[in-house]
Every structure is written in structure tokens, then in C-alpha cells.
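S.K.: What follows is a single structure, and I will ask about it in a moment.
Just so it is clear, none of the values below were taken in a lab; they were calculated from the coordinates. Quick caveat: nothing in here was measured; it's all calculated off a predicted structure. Virtual Cβ from ideal backbone geometry, glycine too; neighbours counted across all protein chains shown.
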Amino acid sequence: MPSPLISVITVCYNAASLIEETIQSVLGQDYPNLEYLIIDGASTDGTLDIIKKYADRVKFVSEPDKGIYDAMNKGLKLAQGEWVNFMNAGDTFADCNVVSDVFENRELPANVQVIIGTTYDVYSDRRVLRPLQPVDEIAMYIPFCHQSSFTRIGTDNHWSFDTTYKMAADYNLFYNIWERYGAEAFLQLDMPVACYRMEGSTSYVNMHRTKGEYLHIRSRHRNLQWWKEWLKWHFRK
């Protein structure tokens with residue numbers, strides 16, 4: 001069974017303290033057919049110097065962008081793979097066998113658009129395994145970490161991130177796939193795929209904005225629960 005080409009994309013900006021661990025994790029995969037793209041937003045802190053150390057094994061672009069989802073779309077346009085994974089700077093694969101364990105000797109049904117694994121949430125003093133959640137929870141929120149997912153892009157590469165969303169374009173993309181193809185398009189694998197860095201906390205302003213974008217995305221299917229959440233969100237402005 002041929003091994004499909006897998007594209008791993010890292011978007012970054014001024015991530016000199018984080019980027020090398022991610023690069024080494026991706027390049028350390030034992031999978032034989034992987035391309036790695038780094039989309040850098042014209043960093044000024046030495047990030048690009050670190051990336052250039054791996055220039056013989058990495059395709060990279062360094063130029064200003066209009067935000068993280070604009071950078072992710074640049075990566076999608078450059079990707080040649082059948083499947084894509086976005087691994088943020090500072091995050092890593094769970095081990096060196098992840099991509100092989102997902103794709104080698106596995107026949108994937110044609111209807112599967114997204115492959116999901118579990119995630120280690122990494123804190124300063126511990127890491128906690130985040131278990132799989134029912135796919136249909138996507139009707140309410142994104143029930144998995146995008147670093148622990150692979151999305152089929154194929155030759156037509158028809159997926160992209162809607163950059164009108166500044167906080168939840170990834171949720172919008174997965175919601176659209178779920179809405180179009182149903183839960184059967186998501187293959188869940190009970191295996192750790194990524195380690196997600198949980199440093200810092202999201203500010204109240206960003207949490208509120210993210211919730212607003214989630215509600216906008218879900219507004220196509222308004223029900224009593226949606227209205228309750230909208231009223232609660234609206235009056236906390």
C-alpha cells in the first residue's frame with residue numbers, strides 16, 4: 001500500500017524560543033513521505049536564523065501576513081500532500097512514530113476527510129491526556145485539537161480558512177466539513193498525536209470574541225440552546 005504524501009505546516013512569528021523543538025519533532029518523524037512547510041510572518045527575533053539551519057529539509061516562506069489564518073492559507077496553497085497537519089510553534093508530535101502509525105498500512109475510506117487523535121495538554125509541571133470526544137460535539141464547539149488532526153486536501157485542495165474570523169476560522173472549517181459530510185467524515189484514532197503547549201491563559205476579551213465567532217458560525221442552525229448562549233454572550237459585552 002503506497003504511503004500518501006503528508007504535508008505538515010507550521011506558522012510562526014517571533015517564535016525563536018519555541019520553533020526548534022517543533023522543527024525537530026516534525027523532521028524526526030520516521031514516516032517516509034512527508035513534506036514540511038514553515039510560514040514565517042517576517043520574524044525579527046532570530047526565528048528565521050533557526051529555520052535556515054534546516055533549509056535542506058524544510059520549505060519556508062518569510063514575509064508579512066494578515067494574521068495566523070492568512071498564514072495558514074499560504075501554507076495550504078503551497079502544500080503538495082494528500083493530507084495536511086498544522087503544528088504550531090511550540091507544539092510537537094507525541095512521538096516519532098505518529099505519522100507512520102496514522103498512515104502506514106491503513107486503508108482510509110474515501111469519505112473520510114479528517115483524522116483525529118488524542119492530545120497531551122502540556123503544562124509547566126505535567127502533561128494531561130485529553131481523551132476523544134464525540135464528533136457531533138462540533139455542533140457546539142471544536143471537540144479536538146487541530147494539532148492532533150490531519151485533513152484531506154487532495155489534488156483539488158478546496159479547503160481554506162475564512163479570514164473574516166480572527167479567532168475561530170479553524171472551527172469554521174471543521175464545522176463546514178461536518179455540516180457537508182457528517183460525522184462519518186471524521187475518523188477517530190485512540191492514540192496520542194500531538195503535545196499542545198498550555199502556557200499562559202486566554203484573555204477575557206479573546207474568550208468573548210471567540211465565543212461570538214462560534215455563535216456566528218453556528219447561527220445557521222439556531223435553536224433554543226443557541227439563543228440562550230447568544231443572550232448570555234450578548235449581555236456580557
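S.K.: Under the classification rounded if a/c is under 1.5, otherwise prolate if a/b is larger than b/c and oblate if not, where does the stretch 23-87 fall, given a ≥ b ≥ c as square roots of the Cα gyration tensor eigenvalues?
M.R.: oblate
S.K.: Okay, next question. Taking chymotrypsin sites (Phe, Trp or Tyr not before Pro) as candidate sites, keep only those in a DSSP loop with at most 16 other Cβ atoms within 10 Å, then name the longest stretch of the chain containing none of them.
M.R.: 1-122
S.K.: What stretch of the chain, leaving out the sites themselves, is the longest with no GluC sites (Glu not before Pro) in a DSSP loop having at most 16 other Cβ atoms within 10 Å?
M.R.: By the stated rule (loop sites, at most 16 other Cβ atoms within 10 Å), 1-103.
S.K.: Could you work out how far helix 204-218 tilts from the main Cα principal axis of the chain, as a 0 to 90 degree angle to the nearest 10?
M.R.: 80 degrees
S.K.: Taking 0.36 nm per residue of sequence separation and subtracting the Cα-Cα distance, how much length would be gained by fully extending the chain between residue 44 and residue 219, in nm to one decimal?
M.R.: Result for the pair: 59.0 nm of gain on full extension.
S.K.: Only Cα pairs within less than 10 Å get springs; with that Gaussian network setup on the chain, which residue of 166, 53, 211 has the largest fluctuation?
M.R.: Of the options given, 53 has the highest mean-square fluctuation.
S.K.: What number do you get for the chain when its Cα radius of gyration is normalised by 2.2 N^0.38 Å, N = residues?
M.R.: 1.01
S.K.: Another one. 222 nm [θ] for the chain, helices only, -39500 (n - 2.57) per DSSP H run of 4+, per residue, to 500?
M.R.: Rounded to the nearest 500, the figure is -9000 deg cm²/dmol.
S.K.: How tilted is helix 68-78 with respect to the longest principal axis of the chain? Cα atoms for both, answer in degrees (0 to 90, nearest 10).
M.R.: Its long axis makes an angle of about 50 degrees.
S.K.: Gaussian network model of the chain, Cα springs within a sub-10 Å range: biggest mean-square fluctuation belongs to which of 50, 68, 142?
M.R.: In this elastic network of the chain, the residue with the biggest mean-square fluctuation among 50, 68, 142 is 50.
S.K.: Note the angle between two axes, namely the Cα long axis of helix 224-234 and the longest principal axis of the Cα atoms of the chain, as a number of degrees from 0 to 90, rounded to the nearest 10.
M.R.: That helix lies at roughly 80 degrees to the long axis.
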